[in-house]
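Below is one structure; the comments refer to it alone.
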Amino acid sequence: MILANAFCLFFFLDETLRSLASPSSPQGPELHGWRPPVDCVRANELCAAESNCSSRYRTLRQCLAGRDRNTMLANKECQAALEVLQESPLYDCRCKRGMKKELQCLQIYWSIHLGLTEGEEFYEASPYEPVTSRLSDIFRLASIFSGTGVDPVASAKSNHCLDAAKACNLNDNCKKLRSSYISICNREISPTERCNRRKCHKALRQFFDRVPSEFTYRMLFCSCQDQACAERRRQTILPSCSYEDKEKPNCLDLRSLCRTDHLCRSRLADFHANCRASYRTLTSCPADNYQACLGSYAGMIGFDMTPNYVDSNPTGIVVSPWCSCRGSGNMEEECEKFLRDFTENPCLRNAIQAFGNGTDVNVSPKGPSIPATQAPRVEKTPSLPDDLSDSTSLGTSVITTCTSIQEQGLKANNSKELSMCFTELTTNISPGSKKVIKLNSGPSRARLSAALTALPLLMLTLAL
């Protein structure tokens with residue numbers, strides 16, 4: 001009898017400890033409406049297999065044809081179709097950059113989401129899946145080629161952008177696609193037309209989409225110590241054809257032109273989602289993710305919104321699309337804000353400098369490097385758009401901020417960062433979720449109380 005009671009006691013304690021160690025699963029309304037995201041091509045196939053969804057989708061596409069959002073929502077049939085589709089896989093679908101049917105995927109995405117926006121938004125949600133991986137391996141590779149950690153004198157004399165071009169020529173795929181866009185972008189059409197910009201842009205897109213980033217990033221973001229190197233970096237995309245024009249258009253007009261094309265619109269939205277300055281992180285990048293920002297920047301090359309270095313200054317990194325804010329009228333403030341996201345963007349500048357130095361945010365630099373640009377104190381910016389990527393930035397940035405402070409020996413800039421680190425130490429983040437679960441509250445605390453209440457009864461039974 002005593003052995004049986006002892007066995008029951010041990011079994012009870014084992015189950016109690018297991019339940020306390022595992023985070024409670026979300027229940028009730030927290031799971032309502034949640035669906036694992038799928039790509040929009042697959043979501044369209046799932047919708048087509050369901051008669052109610054497919055008919056509503058056809059209705060919505062007819063509603064969006066030639067109508068603005070307010071006119072569309074005034075129609076009850078259009079409004080009903082939109083409400084049904086918000087409960088379908090189409091609403092949460094995303095696309096992958098460079099996927100086989102990328103354009104089709106993006107067309108499906110915008111056919112739904114253009115009906116959900118009120119007019120033309122300043123920042124649009126990215127249709128692409130968020131980037132969660134890091135560039136640490138490529139940063140370390142760039143560090144080797146840039147000379148970080150070797151003789152500073154030899155490194156200063158080296159032209160890292162020339163080294164990057166030589167490395168590209170040693171790779172068959174990189175050499176082939178680079179030669180292709182150089183030939184196309186340098187081909188003069190007539191005395192008045194220096195090149196075919198449309199074909200040049202297409203060749204550039206193929207290069208940056210099909211060549212591994214360990215080659216393309218080294219050419220685009222190489223670090224420079226002199227003007228000759230910086231000019232070579234500026235010439236990487238053959239700007240006389242792909243970038244410059246006789247006159248600079250207004251930036252808001254250029255943005256409107258870009259948004260008429262699904263690919264250009266998507267790349268611009270992705271750039272804003274991943275490079276928009278965040279003043280809650282050490283690097284000024286959302287979630288301290290340099291890779292996401294650099295990839296989004298490279299993804300815009302080959303479109304109307306193609307950015308490039310504005311000059312050959314080796315130390316001051318300034319990039320911009322080919323546009324200005326002249327002629328903006330009463331929209332000048334909005335235009336200047338749009339342009340500053342390129343010309344005065346601490347996230348993008350820090351990411352480019354970090355790649356050139358070969359230092360990721362979680363990798364302690366082994367040699368002297370250009371200090372990261374500190375985010376200026378400005379008025380409070382609007383909250384980030386409610387998309388899949390931005391919704392994860394806060395939770396990730398808390399962990400990365402504390403990790404960076406520990407690994408790099410940096411001091412937090414203010415009490416807010418210290419309190420974020422304290423929050424990390426006193427909370428658990430359940431895997432696959434961005435929900436923070438406090439250990440001293442909720443179901444975990446209830447299970448602990450129940451265990452402590454039942455324990456004396458078992459002890460009494462054991463004694464009898």
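The values are calculated or read from the model by the stated rules, or taken from the named source; none is laboratory data. This is a predicted model, so every value here is computed, not measured. For neighbour counting, all protein chains shown are included, and Cβ atoms are generated from backbone atoms with ideal geometry for every residue, glycine included. The accessibility values were calculated without ligands, DNA or RNA, using every heavy atom of the protein model including side chains. Shrake-Rupley method; radii C 1.70, N 1.55, O 1.52, S 1.80 Å.
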Legend entry - Criterion violated by Gly115 - all others in (1) closer than 22 Å to Glu50 by Cα; (2) at pLDDT 65 or above satisfied: (2)
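Looking at Leu90, is it modelled with pLDDT of 85 or more and either surrounded by fewer than 12 Cβ atoms within 10 Å (Cβ to Cβ) or within 24 Å of Leu254 (Cβ to Cβ) (or both)? Working first, answer last.
Numbers: modelled with pLDDT of 85 or more: yes; either surrounded by fewer than 12 Cβ atoms within 10 Å (Cβ to Cβ) or within 24 Å of Leu254 (Cβ to Cβ) (or both): no.
The answer is no for Leu90.
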Legend entry - Pair list, Cβ under 6 Å, 6 or more apart: the range 341-367 residue aromatic (Phe, Trp, Tyr), other residue modelled with pLDDT of 95 or more and surrounded by fewer than 18 Cβ atoms within 10 Å (Cβ to Cβ): Phe342/Val319
Inset, instruction - State which residue pairs qualify: first residue open to solvent by 10 Å² or more (accessible area, probe 1.4 Å) and inside the range 231-243, second residue of a type in the set (Lys, Arg) and assigned to a helix (DSSP H, G or I) in any location, beta carbons under 6 Å apart, and separation of 6 or more residues or different chains. - result: none
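Return the residues of the range 318-338 that are among the charged types (D, E, K, R) and either open to solvent by less than 20 Å² (accessible area, probe 1.4 Å) or more than 24 Å from the chain's Cα centre (by Cα) (or both); say none if nothing qualifies. I'd like the intermediate steps shown before the answer.
Narrowing the range 318-338 to residues among the charged types (D, E, K, R): 326, 332-334, 336-337.
Hits for the range 318-338 are Arg326, Glu332, Glu333.
Restricting the range 297-317 to residues that are β-branched (Val, Ile, Thr) and open to solvent by 10 Å² or more (accessible area, probe 1.4 Å), which is farthest from Arg218 (Cα to Cα)? Give the derivation first.
At the first step, the residues of the range 297-317 found to be β-branched (Val, Ile, Thr) are 301, 306, 310, 315, 317.
Now drop any that are not open to solvent by 10 Å² or more (accessible area, probe 1.4 Å), which leaves 310, 315, 317.
Working: Val310: 19, Thr315: 17, Ile317: 15 Å.
Per the stated criteria, the residue is Val310.
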Inset, instruction - Go through (1) over 20 Å from Gln291 (Cα atoms); (2) open to solvent by less than 20 Å² (accessible area, probe 1.4 Å) one by one and return the number of the condition Ile182 breaks. - result: (2)
Inset, instruction - Only residues that are over 17 Å from Asn289 (Cα atoms), at pLDDT 90 or above and either in contact with a helix residue (DSSP H, G or I) (Cβ under 6 Å, 6 or more places away or on another chain) or of a type outside the set (Asp, Glu) (or both): list them for the range 343-375, please. - result: Thr343
Legend entry - Looking only at the range 258-296, and only at residues there that are open to solvent by 10 Å² or more (accessible area, probe 1.4 Å) and aromatic (Phe, Trp, Tyr), the one that is nearest to Gln104 (Cα to Cα): Tyr290
